[in-house]
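The values are calculated or read from the model by the stated rules, or taken from the named source; none is laboratory data. Since the structure is predicted, the reported quantities are computational estimates derived from the model, not experimental observations. Note: ideal-geometry Cβ built from the backbone for every residue, glycine included; neighbour counts use all protein chains shown.
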Amino acid sequence: MSLVRPQLEYSSTVWDPYQQGHIDMLEKVQRRVARYVMGKYRNRSSVGEMIQHLGWKSLKSRRKEARLSMMYKIVNNKVAIDPDEYFVKPSRRSRHMHHHAFAVPSATKDSREWSYFLNTIRDWNSLPPDIAASKSLEIFKSQDQVEPVFSDHLSYVTYFLSALAKSHKTGLTVRINDLDNSVTTSPPSPTTSPLSITTSQLFVTTTQSLAPTSTVPPPKDCKELYDRGQSSTGVYEIEISDSITKSVICDMTTQDGGWTVIQNRHDGTVDFYRTWSQYKNGFGSVETEYWIGNEAIYKLVSLYTSTKLYIEMEDWSSNIKYALYNQFILYSEVQDYRIYVSGYSGTSGDCIDYYDASFGGSKDKFSHNNMKFSTWDEDNDSHPSVNCGETMKGGWWYSECMASNLNGLYLASGTVDSTSMSCKTFGNDYQSLKRVKMMIKGVS
């Protein structure tokens with residue numbers, strides 16, 4: 001196992017995969033090793049907590065950190081690469097773009113779209129201005145968004161073995177031959193001198209098998225929990241992918257159960273006027289209100305060939321209505337989390353794929369279907385002159401601007417306001433709702 005970490009780190013950097021299946025494949029190796037190191041194989045054991053305890057970052061984040069560090073060196077002329085030869089300034093600068101940002105070249109293929117070069121520019125442009133303008137590489141690396149990366153593979157080996165030693169598991173023996181330096185219990189510095197050692201001098205032996213005879217993997221969603229026989233609605237931990245573990249509410253009673261709640265609002269305790277990054281990663285908690293995160297929703301939808309969306313809404317007069325879509329698709333961040341729904345049925349009216357015949361045409365200008373996700377700092381709507389995310393105070397699939405605003409402001413009883421958490425077809429136009437719950441379930 002001592003040889004896994006450096007080889008994995010090397011292959012991760014060289015391969016630098018962009019397809020989610022390949023990314024998960026790499027992360028899965030590290031997550032499995034974390035279970036071995038901690039000696040925990042129970043179904044409910046959180047691999048995310050184990051990795052956090054061990055101080056390991058995901059391979060994906062470490063690749064990003066390495067790219068950003070290299071970009072900093074290029075921009076500040078610390079390497080023999082002329083930035084003017086490879087990068088151009090953007091022709092149009094958005095208000096959240098820092099002074100050192102560069103234009104992202106267009107791409108017609110995914111392999112080009114997610115290549116090292118374009119990935120680096122996107123990561124660099126997303127940095128806060130004060131971090132991009134750091135006065136030294138050391139200061140730059142010390143920021144939250146750019147944590148140091150261990151550049152020396154042997155440093156990883158040493159740190160990995162120290163984690164093994166800390167676990168003190170019965171039957172596990174760690175042997176290191178002919179090492180000049182002793183194993184430490186803290187991460188090594190990137191400046192640590194390389195150790196004179198060959199792979200034959202470094203090995204791990206076990207007096208018994210590390211792998212359990214059988215193990216039940218954590219559930220990927222609430223449907224999997226339901227299929228295993230869990231019939232109680234409540235809070236559960238799901239492992240959507242090797243890089244995403246979430247605590248969610250599972251609705252096990254509505255429409256045959258197995259629904260994963262992706263949005264839950266009922267009292268206004270959580271602010272939903274958030275940034276693109278926050279909507280991507282999720283915010284809030286199961287104890288209050290939450291948005292599970294666009295990336296998590298995308299991964300959940302990707303588990304199945306078909307997924308349903310169920311939206312339950314309640315107004316301030318205790319009227320409860322619902323909208324069910326037999327097909328729900330959320331595309332990846334490459335397409336700005338574009339939404340597609342079809343097959344509506346329910347009692348609330350269709351305020352997602354909204355259509356008003358008085359406007360004419362085949363598609364209503366307020367329809368959210370096939371629209372990209374927008375926030376105040378990422379304007380992807382179809383309105384020619386308005387930033388709908390900013391104007392409507394939420395994150396949503398705005399068009400010009402909307403027929404629904406379920407991530408809008410939580411306003412007082414019955415307030416009629418387009419910025420409110422509302423659904424145009426529920427009752428009176430844009431009347432604020434008291435409660436909204438959005439949930440999805442894979443069908444096949």
Out of (1) modelled with pLDDT of 75 or more; (2) crowded, with 17+ Cβ neighbours inside 10 Å; (3) in a loop (DSSP other than H, G, I, E, B), the odd one out for SER2 is which? (1)
For region 387-398, does any single residue satisfy the condition of being in a loop (DSSP other than H, G, I, E, B), of a type in the set (Val, Ile, Thr) and farther than 30 Å from ILE240 by Cα? no
From the list MET421, MET402, exactly one residue is touching a Gly at 6+ places or on another chain (Cβ under 6 Å), in contact (Cβ under 8 Å) with a residue 24 or more places away in the chain and among the aliphatic types (A, V, I, L, M). Which is it? MET421
Looking at region 385-398, can you tell me whether even one residue there is β-branched (Val, Ile, Thr), farther than 19 Å from PHE283 by Cβ and either at pLDDT 90 or above or in contact with a His (Cβ under 7 Å, 6 or more places away or on another chain) (or both)? yes
Report yes if some residue within region 316-329 is among the charged types (D, E, K, R), surrounded by fewer than 23 Cβ atoms within 10 Å (Cβ to Cβ), modelled with pLDDT of 95 or more and more than 20 Å from LEU433 (Cα to Cα); otherwise report no. no
Taking region 60-94 only, how many residues are part of a loop (DSSP other than H, G, I, E, B) and of a type in the set (A, V, I, L, M)? 4
When region 72-97 is examined, which residues are found to be at pLDDT 85 or above and of a type in the set (Ser, Thr, Tyr)? TYR72
Selection from region 112-171 of residues touching a helix residue (DSSP H, G or I) at 6+ places or on another chain (Cβ under 7 Å), more than 20 Å from MET50 (Cα to Cα), part of a loop (DSSP other than H, G, I, E, B) and at pLDDT below 80 yields GLN143, GLN145, VAL146, PRO148
Within region 270-282, residues aromatic (Phe, Trp, Tyr) and surrounded by fewer than 19 Cβ atoms within 10 Å (Cβ to Cβ) come out as TYR273
Considering region 306-319 alone, what residues qualify as being over 18 Å from ASN407 (Cα atoms) and not in a loop (DSSP other than H, G, I, E, B)? THR307, LYS308
(1) closer than 22 Å to ASP227 by Cβ; (2) β-branched (Val, Ile, Thr); (3) at pLDDT below 95: which one isn't true of VAL261, the others all being true? (3)
Output for Cβ contacts, cut-off 6 Å, separation at least six or different chains, first residue of a type in the set (Ser, Thr, Tyr) in region 257-285, second part of a helix (DSSP H, G or I), reads THR260/CYS222; TYR279/ASN294
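From the list GLY427, GLY395, pick out the single residue that is touching a Phe, Trp or Tyr at 6+ places or on another chain (Cβ under 8 Å) and either touching a residue at least 12 places away in the same chain (Cβ under 8 Å) or polar (S, T, N, Q) (or both).
Result: GLY395 is the single residue among GLY427, GLY395 that is touching a Phe, Trp or Tyr at 6+ places or on another chain (Cβ under 8 Å) and either touching a residue at least 12 places away in the same chain (Cβ under 8 Å) or polar (S, T, N, Q) (or both).
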The condition from (1) touching an Asp or Glu at 6+ places or on another chain (Cβ under 7 Å); (2) outside any loop (DSSP other than H, G, I, E, B); (3) buried (at least 17 other Cβ atoms within 10 Å of the Cβ); (4) not small (Gly, Ala, Ser) that VAL334 misses is numbered (3)
(1) touching a Phe, Trp or Tyr at 6+ places or on another chain (Cβ under 9 Å); (2) closer than 25 Å to GLU333 by Cβ; (3) among the hydrophobic types (A, V, I, L, M, F, W, C): which one isn't true of VAL436, the others all being true? (1)
Would you check which residues across region 412-439 are in a loop (DSSP other than H, G, I, E, B), surrounded by fewer than 20 Cβ atoms within 10 Å (Cβ to Cβ) and not hydroxyl-bearing (Ser, Thr, Tyr) and list them? ALA412, GLY414, ASP417, GLY427, ASN428, ASP429
Kindly indicate whether any position in region 382-397 is surrounded by 21 or more Cβ atoms within 10 Å (Cβ to Cβ), under 24 Å from GLY268 (Cα atoms) and among the β-branched types (Val, Ile, Thr). no
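So that you can scan it fast, the table gives a plain yes or no per residue for (1) basic (Lys, Arg); (2) closer than 24 Å to TYR290 by Cα; (3) touching a Gly at 6+ places or on another chain (Cβ under 7 Å):
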| site | (1), (2), (3) |
| --- | --- |
| SER345 | no, no, no |
| SER348 | no, yes, no |
| ASN369 | no, yes, no |
| LYS372 | yes, yes, no |
| TRP376 | no, yes, yes |
| VAL386 | no, no, no |
| TRP397 | no, yes, no |
| LEU406 | no, yes, no |
All positions within region 22-42 that are without any contact (Cβ under 8 Å) to a residue 12 or more places away in the chain and either more than 15 Å from GLU239 (Cα to Cα) or not in a helix (DSSP H, G or I) (or both): HIS22, LYS40, ARG42
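For TYR41, state whether it is at pLDDT below 80 and either out of contact with any helix residue (DSSP H, G or I) (no Cβ under 6 Å at 6 or more places or on another chain) or among the aromatic types (Phe, Trp, Tyr) (or both).
yes
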Please work out which residue is surrounded by the fewest Cβ atoms within 10 Å (Cβ to Cβ), limiting yourself to region 284-305 and to residues that are in a helix (DSSP H, G or I) and β-branched (Val, Ile, Thr). VAL301
